[in-house]
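Before any comments, here is the structure.
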Amino acid sequence: MSSISIIGLGNVARALAARALAGGNAVEIIGRNPAKAKELAAALGGAAVGAVGAAPAGDIVVLALPYAGAAAVVSEYGDALQDKVIIDVTNPVTPDFKGFVIPDGSSGAQEIAKAAPAGAHVVKAFNTLFSHVLAVGPAEGRQLDVFIAGDDAQAKARVSAFVESLGLRPWDTGDLFMARALENVGLLELGLMNHSVKHPNFSLGIALLG
Ligand SMILES: NC(=O)c1ccc[n+]([C@@H]2O[C@H](COP(=O)([O-])OP(=O)(O)OC[C@H]3O[C@@H](n4cnc5c(N)ncnc54)[C@H](OP(=O)(O)O)[C@@H]3O)[C@@H](O)[C@H]2O)c1
């Protein structure tokens, strides 16, 4: 069992919190709108509501926010994130889905890591799963894959255990620099959704052939 704090009250926060609770994890919801946070926690049942700016209760803190606000939020929390595993789910893409809003040679996760305290560990995960796919979870015998990137092996092991508690399959892709590759996969999915698949009810994953 993991103890998770989720910052954000949107699609990803709701889907992740519901699956986390179903998987037996302790869940804290943190949102800048306290009434909305309370409402979401009540709808989910069993989730606590955390105060904005206070130290998150969870050992794992999920940034379920638009990329544009994520680094600033991490800076605001500052040392309250000391020793936490920070999961970055963001896809830092331009509004037209034709590129990234981050410098070449970096990734959203690496930019967020620059804002985190030295003892925190940023792990990229979940950015390649559409929120409603996450909400439905594995169905009809299909596995759902979660790709992970991070520099700290122990932090990745904790995220992998959390992923498994959700009934999903974790795949370690390497160090945090691989977040850029995962963000490209996010962009690929948006391209597929807009140009050929035409809906977000799909996922990309690993087919082991031998
Ligand atoms: N949706 C997907 O299928 C999907 C899949 C993979 C990854 N992602 C990534 O996941 C992240 C969240 O996506 P989403 O679909 O859940 O977005 P969303 O439904 O728009 O929700 C975003 C949440 O972030 C909160 N927020 C925004 N700026 C904030 C700030 N500065 N401080 C505190 N809270 C802030 C919003 O607060 P208010 O409620 O107060 O407005 C809202 O609750 C994005 O980075 C996205 O790229 C999304």
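The values are calculated or read from the model by the stated rules, or taken from the named source; none is laboratory data. Bear in mind that the values here come from a model prediction, so they are computed numbers and not experimental data. Neighbour counts are summed over all protein chains in view; Cβ atoms, including those assigned to glycine, are modelled from backbone coordinates with ideal geometry. Keep in mind that these areas ignore ligands, DNA and RNA; they rest on the heavy atoms of the full protein, side chains included. Shrake-Rupley method; radii C 1.70, N 1.55, O 1.52, S 1.80 Å.
Miscellaneous remarks
- Counting only Cβ charges, +1 for Lys and Arg and -1 for Asp and Glu, the dipole size of the chain around its Cα centre is about 500 debye.
- Accessible area per residue, Å², the chain with all protein chains present, probe 1.4 Å: 46 Å²
- Rounded if a/c under 1.5, otherwise prolate or oblate - segment 1-58, Cα gyration tensor axes: oblate
- Sequence-distant lysines (8 or more away, or on other chains) whose Cα lies within less than 26 Å of Lys84: Lys36, Lys38, Lys114, Lys124, Lys156
- Share of carbon and sulfur in the accessible area of segment 3-195 stands at 54%, probe radius 1.4 Å.
- Percent of alpha-carbon pairs separated by more than 31 Å within the chain: 13 percent
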